[in-house]
Amino acid sequence: MVTWEQVVVLGSALPSVEESTSYNTPALKVAGKTFARLRTETEGALVVMCGLDEKEALLASGEAAFFTTDHYHGHGSILVHLELIDEVQLGEMLEDAWRIKAPAKVRKLRTVVKN
């Protein structure tokens, strides 16, 4: 099971990430923009930004880790059950979400770090 603390460690490996809040819940932001947020709503889960095509594919995969609610219909984000996802897959999702929200100059820092 992945914990919020592990989410923070994974996200913090990316340039310019800060632990913050969004809607009064723990969140990860880049350049002041949220790319992941821990929900405290009844069904819980982690909200991770993604493209609508990626969201469709994840939901169609049938993996129990991924779901959505009516509130997120048509929104570029997926809900993730932390107890059902492995750390490697979540790390990849967080990096993709970070790329969506990070400004170009910050994304370039990731390219430099990876090379």
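Taking the Cα centre of the chain as reference, the dipole from Cβ charges on Lys and Arg (+1) and Asp and Glu (-1) amounts to some 800 debye.
Helical runs (DSSP H, four residues minimum) scored at -39500 (n - 2.57) apiece and divided by the length of the chain put the mean residue ellipticity at 222 nm at -11500 deg cm²/dmol.
Put a dot 7 Å past the Cα of TYR23, heading toward its Cβ, do the same for THR40, and the two dots end up 1.2 nm apart. Among LYS105, LYS33, LYS55, the largest mean-square fluctuation in a Gaussian network model of the chain (Cα springs under 10 Å) belongs to LYS105.
Centre-to-centre, using Cα atoms only, the stretch 1-15 and the stretch 17-59 are separated by 12 Å. Projecting the Cα atoms of LEU90, HIS75, LEU109 onto the dipole axis of the chain, where Lys and Arg carry +1 and Asp and Glu carry -1 at the beta carbon, places LEU109 farthest toward the positive end. To the nearest ten degrees, helix 87-101 and the longest principal axis of the Cα atoms of the chain are 70 degrees apart. Solvent-accessible surface of the chain, taken per residue with a 1.4 Å probe and all protein chains present: 56 Å². Surface listing: SER61, SER20, SER77 arranged by accessible area from highest to lowest gives SER61, SER20, SER77, probe 1.4 Å.
Taking the accessible area of the chain, probe 1.4 Å, and keeping the other protein chains in place, the carbon and sulfur fraction comes to 52%.
Distances between placed amide hydrogens fall under 5 Å for CYS50 paired with SER77, ILE78, all partners being 5 or more residues away or on another chain.
For the chain, modelled as a GNM whose springs connect Cα atoms under 10 angstrom apart, the maximal fluctuation among VAL88, VAL48, VAL30 occurs at VAL88. Helix 104-114 versus the longest principal axis of the chain: what is the Cα-based angle in degrees, 0 to 90, to the nearest 10? Long axis of 104-114 versus the principal axis of the chain: about 80 degrees. Across the chain, the mean sequence separation of Cα contacts (distance under 8 Å, 6 or more residues apart), normalised by length, yields a relative contact order of 29 percent.
The values are calculated or read from the model by the stated rules, or taken from the named source; none is laboratory data. The structure displayed is predicted, hence computed values, not measured ones. Neighbour counts are summed over all protein chains in view; Cβ atoms, including those assigned to glycine, are modelled from backbone coordinates with ideal geometry. Surface accessibility is based on the protein's heavy atoms, side chains included, excluding ligands, DNA and RNA. Shrake-Rupley method; radii C 1.70, N 1.55, O 1.52, S 1.80 Å.
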